[in-house]
Amino acid sequence: MSNERTDRVELLQGTLDLLILRTLLFGPRHGHAIAKHIQRTSEDLLQVETGSLYPALHRLQAQGWIEGSWGTSEKGKRAKYYLLTAEGRRQLDAARTKWETFARAVDLVLKPAEGEGS
């Protein structure tokens, strides 16, 4: 058995884009910092693997929702920094609305209605 937490949750398809866009809302970050922010703010329940993160960043960049530029990280290493575009902000708003609707619907199904057997 591994030492990893067993209570981590798997990301649903499409949610990684939303999490990346939200992470970039307040300024540019490089890939490792994006993954760490998601892990930290989810209280270690979400861990974004490199094999998922970088294809998502490339996809978001191709869609025009983020832009990338090379810079130097806090550790003095060359890193690509990603920045949310105006189109990315609009997409974030739309995706957040869809996610909130989805989460509400799932919550309604999971909570038994009054008089319903559990």
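Would you say Q39 is surrounded by fewer than 16 Cβ atoms within 10 Å (Cβ to Cβ), without any contact (Cβ under 8 Å) to a residue 40 or more places away in the chain and either assigned to a helix (DSSP H, G or I) or touching a Cys at 6+ places or on another chain (Cβ under 6 Å) (or both)? First the steps, then the outcome.
Values: surrounded by fewer than 16 Cβ atoms within 10 Å (Cβ to Cβ): yes; without any contact (Cβ under 8 Å) to a residue 40 or more places away in the chain: yes; either assigned to a helix (DSSP H, G or I) or touching a Cys at 6+ places or on another chain (Cβ under 6 Å) (or both): yes.
Answer is yes for this residue.
Out of all the residues in the stretch 49-72, is one or more of a type outside the set (K, R), assigned to a loop (DSSP other than H, G, I, E, B) and over 15 Å from L24 (Cα atoms)? Working first, answer last.
So the first thing to find is which residues in the stretch 49-72 are of a type outside the set (K, R), and the list is 49-58, 60-72.
Now restrict to residues that are assigned to a loop (DSSP other than H, G, I, E, B): 49, 63-65.
Narrowing the set further to residues that are over 15 Å from L24 (Cα atoms) leaves 49, 63.
Yes; the residues of the stretch 49-72 include at least one that is of a type outside the set (K, R), assigned to a loop (DSSP other than H, G, I, E, B) and over 15 Å from L24 (Cα atoms).
Has the stretch 104-113 got any residue that is at pLDDT below 95, in a loop (DSSP other than H, G, I, E, B), loosely packed, with under 10 Cβ neighbours inside 10 Å and at positive phi?
No, the stretch 104-113 contains no residue that is at pLDDT below 95, in a loop (DSSP other than H, G, I, E, B), loosely packed, with under 10 Cβ neighbours inside 10 Å and at positive phi.
Taking the stretch 81-98 as the region of interest, how many residues are among the hydrophobic types (A, V, I, L, M, F, W, C), under 16 Å from Q61 (Cβ atoms), out of contact with any helix residue (DSSP H, G or I) (no Cβ under 6 Å at 6 or more places or on another chain) and assigned to a helix (DSSP H, G or I)?
1
Let's see how each residue does on (1) of a type in the set (K, R); (2) in contact with a Gly (Cβ under 6 Å, 6 or more places away or on another chain):
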| position | (1), (2) |
| --- | --- |
| W65 | no, yes |
| G68 | no, no |
| Q91 | no, no |
| W99 | no, no |
| K111 | yes, no |
| E114 | no, no |
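Of all the residues that make up the stretch 26-36, how many are loosely packed, with under 13 Cβ neighbours inside 10 Å and assigned to a helix (DSSP H, G or I)? Before the answer, list the steps.
Going through the stretch 26-36, the residues loosely packed, with under 13 Cβ neighbours inside 10 Å turn out to be 26-27.
When the remaining residues are screened for being assigned to a helix (DSSP H, G or I), the result is 26.
Residues in the stretch 26-36 being loosely packed, with under 13 Cβ neighbours inside 10 Å and assigned to a helix (DSSP H, G or I): 1 in total.
The values are calculated or read from the model by the stated rules, or taken from the named source; none is laboratory data. Please read all numbers here as calculations on a predicted model, not as lab measurements. FYI the Cβ positions are ideal-geometry reconstructions off the backbone, even for glycines, and counts take in every protein chain you see.
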